[in-house]
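**Student:** Pasting in a structure now, in structure tokens, and then I'll have a few things to ask.
The values are calculated or read from the model by the stated rules, or taken from the named source; none is laboratory data. Because the structure is predicted, anything quoted here is derived from the model rather than measured. Here the Cβ is made from the backbone with ideal geometry for all residues, glycine too, and neighbour counts use every protein chain on show.
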Amino acid sequence: MAIKMQAAVVEQFGKPLVLREWDIPSPGACQVLVKTEACGVCHTDLHAAHGDWPLKPTLPFIPGHEAIGLVTAVGSGVSSIKEGDRVGVPWLYSACGHCEYCLKACETVCPEAQFGGYTRNGGFAEYLLADPNYVAHIPAALTAVEAAPLICAGITTYKGIKETAAKPGEWIAISGVGGLGHLAIQYAKAMGLLVCAIDIDEGKLAHAKLVGADLIFNAKSGDPAAALKKETGGGAHGVLITAPSLNAFRQGVGMTRKRGTCVLVGLPPGEFPVPLFDVVANCITIRGSFVGTRQDMAEALAFATGGKVKADIELQPLSSINQIFDRLEHGEVASRVVLDFAPGESGTSSIEEQNELRLTTA
């Protein structure tokens, strides 16, 4: 009889996740089994559960691509990872390693890339499989909970800032001060940039100031592009748009300085409204950025190890996942939620206790 674990499973798109028993997988050749200690919750998990994107996951599946845990078993052919290592299983689950994109260190756009919690079962479960060549190596100075948001939100914003090509002493505008944006501000300051934060929530803007923003603008109170250009003498050298809002995308191009770069990481529905005359006449670069490579991951984690970047985290048990998704959908999560799998901590409970909870609430 297969040994079971607790998992939060998407059985139908757009429906609540189901807490159910799931067979603990066994690692095959070139795989490792990871016992989950913590897993961050990302807006992408919500998109996955809703089936929002053209390439949909195969039902049923387990979301979660910010999983941190200890390796408990290794398959044949694994030499780079050993039992007891703490690793992260990120969005980029694996890539082919030999296509033109992988060879150019652009592995995130590999045609054969697999994605954690999407095309491969993820971290909303007590165990998950991972490719040892693509796991994040978690520094000893970081706890599992601290590291969880960094292997998605952290690397995504860090890479996005790099893609702006903004140099120390130059301005970067960060649109959206939520789970990604509050980390982006910290990375930008650690990289020597001047930071302007834009949001429509005064509480989030106050938070932006606390984590280091030099300027803040409420996009509801006027034209943030005009205000930013006035304050900086021409606009931001780099703009990073984390907000899933078409208005934010439109404003982002307006904030960009001549010959500057506007980088998009948010994914709002609809078509991007590009002011073509402004883009051409001002020689503006618009660039998409998709998470980051393994090297980007190592760099992003190193900033956190040095204490320069730290996610604001709310701990929740796996059993709260549907309430967390509802809050995410309504913009009620201030920064990052992390599911804590540590026994006896933060409201988490054993499989038996979770089963009893399901029976009593059914």
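**Student:** Those residues that are part of a loop (DSSP other than H, G, I, E, B) and buried (at least 21 other Cβ atoms within 10 Å of the Cβ), I need them from region 37-61; list them, please.
**Tutor:** Of everything in region 37-61, those that are part of a loop (DSSP other than H, G, I, E, B) and buried (at least 21 other Cβ atoms within 10 Å of the Cβ) turn out to be Cys42, Pro57.
**Student:** On the given criteria, is Gly222 more than 20 Å from the chain's Cα centre (by Cα), part of a loop (DSSP other than H, G, I, E, B) and at pLDDT 95 or above?
**Tutor:** No; evaluated as a whole, the condition is false for this residue.
**Student:** So, in region 220-247, how many residues would count as being surrounded by fewer than 22 Cβ atoms within 10 Å (Cβ to Cβ) and within 20 Å of Leu183 (Cβ to Cβ)?
**Tutor:** Looking only at that region, the number is 2.
**Student:** May I pose another question? From the list Val34, Val71, exactly one residue is more than 18 Å from the chain's Cα centre (by Cα), in a strand (DSSP E or B) and buried (at least 23 other Cβ atoms within 10 Å of the Cβ). Which is it?
**Tutor:** After applying the criteria, what remains is Val34.
**Student:** List every residue pair whose Cβ atoms sit under 7 Å apart, with the two residues 6 or more apart in sequence or on different chains, where the first one lies in region 98-121 and is within 27 Å of Phe61 (Cα to Cα) and the second, anywhere, is of a type in the set (Phe, Trp, Tyr) and buried (at least 19 other Cβ atoms within 10 Å of the Cβ).
**Tutor:** Note: pairs meeting the criteria are Gln114/Tyr93; Phe115/Trp91; Phe115/Tyr93; Gly116/Trp91; Gly116/Tyr93; Arg120/Tyr93; Asn121/Phe61.
**Student:** Show the residue pairs meeting these rules: Cβ distance below 6 Å; 6+ apart or different chains; first residue within region 190-205 and within 10 Å of Val177 (Cα to Cα) and in the same structural domain as Ile174 (by TED's automatic domain parsing); second residue part of a loop (DSSP other than H, G, I, E, B) and of a type outside the set (Phe, Trp, Tyr).
**Tutor:** Ala197/Val177; Ala197/Ala213; Ile198/Ala219; Asp199/Val177; Ile200/Ala219; Ile200/Lys220; Lys204/Val177
**Student:** Also, I was wondering about something else. Which numbered condition trips up Gly238, out of (1) closer than 18 Å to Gly160 by Cα; (2) not hydrophobic (A, V, I, L, M, F, W, C); (3) not in a strand (DSSP E or B)?
**Tutor:** Among (1) closer than 18 Å to Gly160 by Cα; (2) not hydrophobic (A, V, I, L, M, F, W, C); (3) not in a strand (DSSP E or B), Gly238 violates only (3).
**Student:** From the residues in region 206-215 that are in a helix (DSSP H, G or I) and in contact (Cβ under 8 Å) with a residue 24 or more places away in the chain, which one is surrounded by the fewest Cβ atoms within 10 Å (Cβ to Cβ)?
**Tutor:** His207
**Student:** Taking only region 162-181 into account, find how many residues are within 18 Å of Gly306 (Cβ to Cβ) and crowded, with 24+ Cβ neighbours inside 10 Å.
**Tutor:** Result for region 162-181: 0.
**Student:** Moving to a separate point now. Do any helices (runs of 4 or more DSSP H) lying entirely in region 285-362 carry at least 3 residues that are modelled with pLDDT of 95 or more, and which ones are they?
**Tutor:** Here the list reads 294-305, 321-329.
**Student:** Restricting to region 74-108, and then to whatever is among the β-branched types (Val, Ile, Thr) and assigned to a loop (DSSP other than H, G, I, E, B), can you tell me which residue is farthest from Val337 (Cα to Cα)?
**Tutor:** Val78
**Student:** What are the residues in region 251-275 that are in contact with a Pro (Cβ under 9 Å, 6 or more places away or on another chain) and either part of a loop (DSSP other than H, G, I, E, B) or aliphatic (A, V, I, L, M) (or both), if any?
**Tutor:** Of everything in region 251-275, those that are in contact with a Pro (Cβ under 9 Å, 6 or more places away or on another chain) and either part of a loop (DSSP other than H, G, I, E, B) or aliphatic (A, V, I, L, M) (or both) turn out to be Val253, Met255, Gly266, Leu267, Pro268, Pro269.
**Student:** Looking only at region 74-89, count how many residues are touching a helix residue (DSSP H, G or I) at 6+ places or on another chain (Cβ under 9 Å) and surrounded by fewer than 24 Cβ atoms within 10 Å (Cβ to Cβ).
**Tutor:** Residues that pass the stated criteria total 1.
**Student:** Pairs under 6 Å by beta carbon, first residue closer than 19 Å to Leu46 by Cβ in region 260-280, partner among the aliphatic types (A, V, I, L, M) and in a helix (DSSP H, G or I), six or more apart or different chains?
**Tutor:** Pro268/Leu246; Gly270/Leu246
**Student:** Looking at Ala197, Ala148, Ala144, Ala153 in this structure, which one is in contact with a strand residue (DSSP E or B) (Cβ under 7 Å, 6 or more places away or on another chain) and closer than 19 Å to Thr232 by Cα?
**Tutor:** After applying the criteria, what remains is Ala197.
**Student:** Continuing with the same structure: Within region 116-135, identify whether any single residue is touching a Lys or Arg at 6+ places or on another chain (Cβ under 6 Å), not aliphatic (A, V, I, L, M) and not assigned by TED's automatic domain parsing to the domain that holds Val71, and answer yes or no.
**Tutor:** Among the residues of region 116-135, not one is touching a Lys or Arg at 6+ places or on another chain (Cβ under 6 Å), not aliphatic (A, V, I, L, M) and not assigned by TED's automatic domain parsing to the domain that holds Val71, which makes the answer no.
**Student:** Please enumerate the residues belonging to region 203-230 that are of a type in the set (D, E, K, R) and more than 24 Å from Val309 (Cβ to Cβ).
**Tutor:** If the condition is that a residue be of a type in the set (D, E, K, R) and more than 24 Å from Val309 (Cβ to Cβ), then Lys220, Asp223, Lys229, Lys230 are the ones that fit.
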